[in-house]
Amino acid sequence: MTLKTRSGVKKRVKITGTGKFKLGKACKRHLLMDKSKKAKGRNKYGLVVSEAEAKKIARQLPHG
């Protein structure tokens, strides 16, 4: 039986060159006028997930 990839995870997670998983951060979609420049800057780049979360994600992306 073939393993299926979780399509929700496939859309939200990028794999870095070293094999780590990278997610986008929250709070950068709307209401940006009320947020400080510092808050928006902290949110600029993605977030590399922790070791424990990486195991869960790797299970959901068998072909990644």
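Each value in this text was obtained by applying a stated rule to the coordinates, not by laboratory testing. Everything quoted here is computed from the prediction, not taken from an experiment. Neighbour counts run over all protein chains shown; Cβ positions are idealised from the backbone, glycine included.
Go ahead and estimate [θ] at 222 nm for the chain from helices alone: -39,500 (n - 2.57) per DSSP H run with n ≥ 4, summed, over the residue count, rounded to 500. Can you show the working numbers first?
Values: 3 runs with 22 residues, N = 64.
My calculation for the chain gives -9000 deg cm²/dmol from helical runs alone.
Quick one: divide the alpha-carbon radius of gyration of the chain by 2.2 N^0.38 Å and tell me what you get. Present the calculation step by step, with values, prior to reporting the outcome.
Numbers: Rg = 14.7 Å, N = 64, 2.2 N^0.38 = 10.7 Å.
Normalised Cα radius of gyration, the chain: 1.38.
Which lysines have a Cα lying under 22 Å from the Cα of LYS38, excluding residues fewer than 8 positions away in the same chain?
The reachable lysines, counting only those whose Cα sits under 22 Å from LYS38, are LYS22, LYS25, LYS28.
Net charge within 14 Å of LYS4 by Cβ-Cβ distance, Lys/Arg positive one each and Asp/Glu negative one each, not counting LYS4 itself? Walk me through the numbers before you get to the answer.
Details: positive: ARG6, LYS10, ARG59; negative: none.
So the environment of LYS4 carries a net charge of +3.
Hey, what angle do you get for helix 51-60 against the long axis of the chain, alpha-carbon based, 0 to 90 degrees rounded to 10?
Tilt relative to the chain: about 60 degrees.
Suppose every K and R has +1 on its Cβ and every D and E has -1 on its Cβ; what is the size of the dipole of the range 7-60 about the Cα centre, in Debye to the nearest 20?
Details: 18 positive and 3 negative charges, 38 e Å.
I would put it at about 180 debye.
Can you tell me which of 58-64, 1-7 comes out highest on packing, and rank the rest after it, using the mean Cβ neighbours within 10 Å? Show your work: numbers first, answer last.
On the way: 58-64: 12.9, 1-7: 8.7.
Averaged packing, sorted descending, gives the order 58-64, 1-7.
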